[in-house]
Amino acid sequence: MGSPIDLRTDYSPPQLRQLAKRSRNTNQSRRLLSLAAVLDGMSRGEAARIGGMDRQTLRDWVHRFNAQGPDGLKDIHGGGPRSRLSPEQKAELERIVETGPDPAVDGVVRWRRIDLQRIIKERFGVAYHERHVGTLLKELGFSRLSGRPQHPQQDERVIEMFKKTSPTRSPHT
């Protein structure tokens with residue numbers, strides 16, 4: 001069995017408890033309380049149980065605390081994979097969606113995700129799944145709502161002529 005790792009002593013148990021009390025990160029608070037218990041002389045196994053972890057996990061957090069201090073006890077998230085489209089390409093995609101399709105060139109009167117999937121593949125050489133195109137559009141600030149498509153040869157004068165109009169009523173009737 002290995003020897004326990006020395007815990008840095010520039011923080012006292014009351015200071016660690018105070019930091020745990022002020023922290024908005026619950027996981028960091030649990031870890032700080034476990035370390036305060038260790039500094040108070042509690043066994044590592046008991047201190048680990050206070051924080052809801054096992055001894056090996058507590059040992060890992062002691063390493064992080066010794067290296068980085070209280071901020072090292074926060075969870076580190078990787079942030080996920082990088083986008084395959086550059087910011088410039090995203091800006092161009094946003095412009096494409098804003099201007100809308102040209103029926104003569106694009107063959108559609110409104111953009112669908114499958115159409116944008118094809119455009120992204122043709123222009124940027126990046127293959128996305130159709131569902132991810134929706135995620136990308138949401139990231140760019142677009143919603144799934146769309147206006148009703150209009151026929152490209154629609155004539156406003158003809159529409160006005162066919163609108164139903166009621167005769168005006170006299171205010172005295």
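The values are calculated or read from the model by the stated rules, or taken from the named source; none is laboratory data. Since the model is a prediction, treat every value here as computed from it, not as a measurement. As a convention, Cβ positions derive from the backbone with ideal geometry for all residues, glycine included, and neighbour counts pool all protein chains shown. To get the accessible areas, we keep the full protein, side chains included, count just its heavy atoms, and leave off ligands, DNA and RNA. Shrake-Rupley method; radii C 1.70, N 1.55, O 1.52, S 1.80 Å.
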* Asked: For the chain, what is the mean residue ellipticity at 222 nm derived from helices alone (per DSSP H run of n ≥ 4: -39500 (n - 2.57); sum divided by total residues; nearest 500 deg cm²/dmol)?
  -> -15500 deg cm²/dmol
* Structure fact -> When every protein chain stays in place and a 1.4 Å probe is rolled, His172, His132 sorted by accessible area with the largest first are His172, His132
* Equivalent ellipsoid, the range 18-117 (semi-axes from 5 times Cα gyration tensor eigenvalues, Å) -> 54, 12, 12
* Hey, what angle do you get for helix 130-139 against the long axis of the chain, alpha-carbon based, 0 to 90 degrees rounded to 10? -> 80
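Can you tell me what percent of all Cα-Cα pairs in the range 10-76 are more than 13 Å apart? All intermediate terms of the calculation are to be shown ahead of the outcome.
Working: 1255 of 2211 pairs.
The share of Cα pairs beyond 13 Å in the range 10-76 comes to 57 percent.
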* Taking each pair of different alpha-carbon atoms in the range 96-139 once, compute 1/r for the pair, average those values, and report the inverse of that mean as the Kirkwood hydrodynamic radius in Å to one decimal. => 10.7
* For the range 124-173: Kirkwood Rh in Å [reciprocal of mean 1/r, alpha carbons] -> 16.1
* Asked: Hey, what angle do you get for helix 13-22 against the long axis of the chain, alpha-carbon based, 0 to 90 degrees rounded to 10?
  -> 10
* To do: Mind jotting down the three principal axis lengths of the chain based on Cα atoms? Whole angstrom, largest first.
  => 90, 61, 24
* Helix 113-124 versus the longest principal axis of the chain: what is the Cα-based angle in degrees, 0 to 90, to the nearest 10? -> 80
* Just subtract the alpha-carbon distance of Arg8 and Glu94 from 0.36 nm times their residue separation and send over the number in nm, one decimal. => 25.8 nm
* What distance in nm separates the simple spin-label points at Ser86 and Arg49, each placed 7 Å from Cα in the Cβ direction? -> 5.8
* Starting from the residue with the highest accessible area, list His151, His77 in decreasing order, probe 1.4 Å. => His77, His151
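Ordering Ile76, Ile120, Ile159 from largest to smallest accessible area (1.4 angstrom probe), what's the sequence? Intermediate results must be reported in sequence, preceding the final value.
Working: Ile76 125, Ile120 0, Ile159 60 Å².
Order by accessible area, largest first: Ile76, Ile159, Ile120.
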